Amino acid sequence: MFEPCDHPRVFGVPLGVDFPRALVDGLTARHGHLPPESLARVRIIVNTRRMARRIRTLFDQGPARLLPRVDLLTDLGEHWDMAHIPDPVPRLRRRLELTQLVSTLLDRQPDIAPRSSLYALADSLAALMDEMHGEGVSPGAIDQLDITDQSGHWERITAFLGIVRHYFETGTDRPDTETRQRLVIEHLVQSWHETPPDHPVIVAGSTGSRGATRLLMEAVSRLPQGAVILPGFDFDMPPDVWGAMNNAMLHEDHPQYRFADLMQKLDLSPDQIARWSHDAPANSARNRLLSLALRPAPVTDQWLTDGPALSDLDRATDDITLLEAPSTRAEALSIAMRLRQAAEDGRAAALITPDRTLSRQVTAALDRWGILPDDSAGMPLHLSPPGRFLRHVADLLREPLTAELLLTLLKHPLANSGPARGPHLRLTRELELHLRRHGPPYPEGAQLIAWASALDDDDALAWAHWISDCFCAKTLSGDMPLTDFVALHLDLATRIAQGPSADSAHQLWQEDAGEEAWKAVSALSENAEHGGQIGATDYCSLFHSILTTHDVRRPDTPHAQILIWGTLEARVQGADLLILAGLNEGSWPEAPKPDPWLNRALRHRAGLLLPERRIGLSAHDFQQAASAPEVWLTRSIRSDDAETVPSRWLNRIKNLLAGLPEQGGKAALDAMIARGQHWLALAEALEEPGQTAPEMRPAPAPPVTARPRSLSVTEIKRLIRDPYAIYARHVLRLRPLDPLMKLPDALLRGTVLHEILEAFIKDTLGDPSLCTRAALMAKTETVLAQNVPWAEARVIWYARMERVADWFIETELARRQIATPAELEARGKAWLSDPDFTLRTTADRVDIDASGALHIYDYKTGAPPTKDQQLHFDRQLLLEAAIAERAGFEGIAPAPVARATFIGLGSGGKLVDAPLSEAPPDAVWQEFQALIRAYMEPDRGYPSRRAMHMKSDRGDYDQLARFGEWDITDPPETQGVG
């Protein structure tokens, strides 16, 4: 197949050429004059399964012929000749072992690193060990490094590297994946050296970025019938630039550096890299533009000399669209619109981006047109329904059960996923309403069973017992073996998925996502014995990180020509339109991860990969994709409310074009931007909601028969300030939905404070000697412990009571000298006959003095209302005084009111009397009657936000009233409602 040559045999496929198709075309052309069986003797080694599938697909298109053998790089060790090399230790097992060793080291030397970094250190140590195995670097090579110019943390690093040494000493007996791969390749190279194969061997599509792969490529290139075929080789780069790329510290991030390094290792010059096939690039002018734009940083001064020689810049950029969107949403929508256009035109279009968030946004935008793209990455397992379900179940072991976590699990589609799913959802709804209205925020089994018992429903009682058994009191403290954690976790997940019936079928492990989840947890179960002791928090973190390493392919049938690829898939596929998206620094290229072990200089001296290696590979992917027939280059100017930095490659292209106005570079750049602006304008037009007339300020006037006939005294303030709230609550019968997790807010603090003082006053009525600060604080502590489950709130509220305790006791003794408490939480009612209306109240406390006069008190945790506020808006005490004199309270006959006082328990304490002299009870009652009569008039509406205390105050029904479309300067629009 190959003619003899005196140098290693390396071919290249130009940028912008469909590599798998070029590979097949080249093989076909070279075997056109050979017997049919000659092609079947060819062995092709590729580095991805996708590449192998694409090659097979291209051959299947015909004509009929014998096919070459296509091997995957990672499958070389499956041959019988490799049976003496032990199977690799599972990655998960090695990671768990490293975790235990790192944990032991941290126990012995706690000053090395915080305990919270245990798993991060184990992960990075595993990555370092894989890299050392792959590159053939032993711990001894690191020991010999000159560290005289390094800081004192080197001793700590060597402590961790001692762990790595252990695995190198036993590496051949229990190799990890990287070690075994290198052993396989070394054995294969040695056997070829002794007995070269008599058939063609081709390594295709690899860039030689890893040491073991590079070793294989060098060996194959020297075989009598061996060849290496490089993808995306830049034939337009001058020889002097190739020769200048001889320093990894300076040139590692260049897209062609891996090829330059390979040529130096093989002692090849660029002119000795032959073209594999006659396939021409999609746009040779663009290839030359990209080649110059991406020159190594130290030689970018060559733009000044080589730039003027560039020609055909208009042709080079005719099919490039540059889209710089104001936000990631606009970027995703513009891309989705272009993909939709491609689907209508019947063209193959692919989105290429390493930003998975952006790709999910594009997928969501395409859904409006019913287009499901073929996403090569699928969905991360931890975001799939089984992944989320298993993570929520793990949270039961880590933290006390909250109402939020309980309902999150109960509403999950995999909870009680058997035949009883319908009744389960009904009971879940009833339980949610109960928890929102009555709590508690931290449900317990006995409370849930008591709730179900009150429903008088056997199904509900069995359901509540199931919740109590599977959800409540599952928190684990202390460490236990990982095997026990996994067994407990899976048992709990299965019981929750089954529901109350233990033998019920469930959906947890069904379909693609469930099967992938089962693979993940099965692998964890098999290797858990190597995990040692672990705590609940660490277990949840470990389980989550394991799920993130798995992906789930969508079971739906995607669109055949609308594709989403990662940068790796773009190397081996072909499409009419490529959209290179997310071109911002930190995204593409991805920012190098910090290395806690070795800096760049030490890594280079040891023979390890530099952080820029990944950037160089991304740069090659970018250069290859940007050479496609039609290209979009997109980025967002802002992301997460922060300014972004354009990708270095995009910046270079823009700067080079802008600096060549005489060759038409500036005009070409403007045309690229104009094409992007066109699509941004289309996206903006699509998002334009149109003009809708704003709503007027409402003042609904319902029929008189529908208007409320009874209100409490506290609601009169609302009727004066925000009548619309009375309409929404009592006419429409709408109530704000209580939060699922009750918070220690002002309302709860007021309720708890009233309970404390009520219990304290009751105790002191029978024994006045208990009216002391100590007794008050003891009662406070008891009530807080019973009613406030938040430790921080208990401490704060207790301290607030301490600040006013002395003042309250002093003023309470003074109140006792004047009158004696007669009723606590005293209920009272008074009636109007014209119109028919009932006013209700519950006074915090009513005292009676020696003359029979009443003293009414109301406790306030905040600032009590001022005299003016009471005269015009907050008429609570004034109305209670009117009720006391006209109808009395339960157990208290009507009597004159001597005093009505707010007892403010805010900062320092404060007493504020109601202005009974300025607003006597009879006058207040007449004003109240006039108010109610006014709202019984058929043409009287209930305006929204009539007289709010502050403009910033928010009402419960502001959204219903469309507040924001109008403001308080707009006149209310009275409108009759049926």
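Laboratory data are not the source of any read-out in this text; all were calculated from the coordinates shown. Given the structure is predicted, the values throughout are model-derived calculations rather than measurements. With ideal geometry, Cβ positions are generated from the backbone for all residues, glycine too; neighbour counts draw on all protein chains shown.
Put a plus charge on the Cβ of each Lys and Arg, a minus charge on the Cβ of each Asp and Glu, and nothing anywhere else: the dipole of the chain about its Cα centre is then about 760 debye. Counting Lys and Arg as +1 and Asp and Glu as -1 over every other residue whose Cβ lies under 12 Å from the Cβ of residue 67, the net charge comes to +3.
Put simply, the amide H of residue 506, placed in the peptide plane, has no neighbours under 5 Å, leaving out anything fewer than 5 places away on its chain. Taking square-rooted eigenvalues a ≥ b ≥ c of the alpha carbon gyration tensor, is the stretch 738-934 rounded, prolate or oblate, where a/c under 1.5 means rounded and, failing that, a/b exceeding b/c means prolate? Because a/c hits 1.5 or more and a/b exceeds b/c, the stretch 738-934 counts as prolate. Annotation: amide H of residue 176 within the under-5 Å range of 89, sequence separation 5 or more or interchain, hydrogens built in the peptide plane.
In percent, rounded to a whole number, the relative contact order of the chain is 14, using alpha-carbon pairs under 8 Å and six or more apart. Charged side chains reduced to their Cβ positions (Lys and Arg at +1, Asp and Glu at -1) give the stretch 159-298 a dipole of some 240 debye around its Cα centre. Where both bridge residues fall in the stretch 738-934, DSSP classifies roughly 75% of the beta bridges as antiparallel. Which of 734, 787, 943 sits farthest toward the positive end of the charge dipole of the chain, with +1 on the Cβ of Lys and Arg and -1 on the Cβ of Asp and Glu? So the residue furthest toward the plus end is 943. With unit charges on the beta carbon (Lys/Arg positive, Asp/Glu negative), name the residue among 832, 765, 900 whose Cα is farthest towards the positive pole of the charge dipole of the stretch 738-934. Of the options given, the answer is 765. Taken about its Cα centre, the stretch 1-120 carries a charge dipole of about 380 debye when Lys and Arg each add +1 at the Cβ and Asp and Glu each add -1 at the Cβ. Think of the chain as having a plus end and a minus end, set by charges on the Cβ of Lys, Arg, Asp and Glu; of 330, 598, 725, 725 sits farthest toward the positive end of this dipole.
Rounded to whole numbers, the Karplus 3J(HN,Hα) couplings from phi for the stretch 324-336 are 10, 7, x, 8, 5, 5, 5, 4, 5, 5, 4, 4, 4 Hz, using 6.51 cos²θ - 1.76 cosθ + 1.60 with θ = phi - 60°, and x at Gly and Pro. In order along the stretch 886-897, the Karplus-derived 3J(HN,Hα) couplings, from 6.51 cos²θ - 1.76 cosθ + 1.60 at θ = phi - 60°, round to 9, 10, x, 10, 4, x, 10, 6, x, 7, x, 9 Hz, and Gly and Pro are given as x.
Can you give the calculated 222 nm mean residue ellipticity of the chain, where each DSSP H run of n ≥ 4 adds -39,500 (n - 2.57) and the sum is split over every residue, rounded to the nearest 500 deg cm²/dmol? Computed mean residue ellipticity for the chain: -14500 deg cm²/dmol.
Ranking of 772, 99 by neighbouring Cβ atoms within 10 Å, starting from the fewest: 772, 99. With Cα atoms as the point set, the chain shows a radius of gyration and Dmax of 38.6, 126 Å.
Residues 5, 470, 771, ranked from the fewest to the most other C-beta atoms within 10 Å, line up as 5, 771, 470.
In a shell of Cβ-Cβ distance under 12 Å around residue 831, excluding residue 831 itself, what net charge do Lys and Arg (+1) and Asp and Glu (-1) give? So the environment of residue 831 carries a net charge of +2. For residue 534, the residues 5 or more places off, or on other chains, whose built amide H falls under 5 Å of its own are 480, 482.
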